[in-house]
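The values are calculated or read from the model by the stated rules, or taken from the named source; none is laboratory data. Owing to the predicted nature of the structure, the values given are computational and were not obtained by experimental measurement. In this analysis, Cβ positions are derived from the backbone assuming ideal geometry, glycine residues included, and neighbour counts consider all displayed protein chains. Accessible surface is based on the protein model in full, side chains and every heavy atom, while ligands, DNA and RNA are left aside. Shrake-Rupley method; radii C 1.70, N 1.55, O 1.52, S 1.80 Å.
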Amino acid sequence: MEQSLYEKVGGSEAIEKVVDYFYHELVLKDETVNQFFEETDMDKQIRHQAKFISFALGGPNQYSGKSMAKAHEGMNLQPEHFNAIVKHLHDALAHFGVSESDIDTALTKVATLRDDILDK
């Protein structure tokens, strides 16, 4: 039986490290998108994002947050914001040694959320 992407990446512990790096080393240092997190409880955000990414990569569904459309309501996110976040996710996964083919699979899943996130 083939491993899920969640298992290939290393499970919840590895995803938590990726998400922590994603926010602290990439997103929060990027002036294109960091303003969207100025009023955000980052510990809570990181926990939610780790659960969401775990589920998106084929892990257990522990995500109980708002829908993507609801979570991004009123933010008026534009394609350049979405693209910056996707690039940071790519770079965070690559930083932890995830293969390009597995990163492409993960980003393809993220791309399906684009319409639920933009222009809300």
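If each Cα of the chain is one equal point scatterer, what is log10 of I(q)/I(0) from the Debye formula at q = 0.12, 0.13, 0.18, 0.22 Å⁻¹?
So the normalised log intensities are -0.40, -0.48, -0.97, -1.52.
Grab the Cα-Cα distance for Asp91 and Asp104, subtract it from 0.36 nm times how many residues apart they are, and report the gain in nm with one decimal.
Residue separation times 0.36 nm, minus the Cα-Cα distance, leaves 3.5 nm.
Would you grab the residues whose amide H sits under 5 Å from the one on Leu77? Only those 5+ places off in sequence or on another chain, please, with H modelled 1.01 Å from N.
Asp119, Lys120
Per residue of the range 49-60, what does 6.51 cos²θ - 1.76 cosθ + 1.60 with θ = phi - 60° give for ³J(HN,Hα)? Whole Hz please, x for Gly and Pro, Karplus curve as stated.
Coupling constants for the range 49-60: 5, 4, 5, 5, 5, 4, 5, 4, 8, x, x, x Hz.
With respect to the cross-link table entries Lys8/Lys120; Lys29/Lys109; Lys17/Lys70; Lys70/Lys109; Lys17/Lys51, which display a Cα-Cα separation exceeding 22 Å?
In this structure, Lys8/Lys120; Lys29/Lys109; Lys17/Lys70 exceed 22 Å between Cα atoms.
Given Val19, Val98, Ile117, which one lies farthest toward the positive end of the charge dipole of the chain, if we put +1 on the Cβ of every Lys and Arg and -1 on the Cβ of every Asp and Glu?
It is Ile117, whose Cα lies furthest towards the positive end.
Going by the alpha-carbon gyration tensor, a ≥ b ≥ c the square roots of its eigenvalues, is the range 41-105 rounded (a/c under 1.5) or, if a/c is not under 1.5, prolate (a/b greater than b/c) versus oblate?
oblate
Between the alpha-carbon centers of the range 29-69 and the range 90-109, tell me the distance in whole angstrom.
17 Å
For the range 84-92, in order, what is each residue's ³J(HN,Hα) by Karplus, 6.51 cos²θ - 1.76 cosθ + 1.60 with θ = phi - 60°, in whole Hz (x at glycine and Pro)?
Ordered by residue, 3J(HN,Hα) equals 5, 5, 4, 4, 5, 5, 4, 5, 5 Hz.
At 1.4 Å probe radius, can you tell me the per residue accessible area of the chain in Å²?
60 Å²
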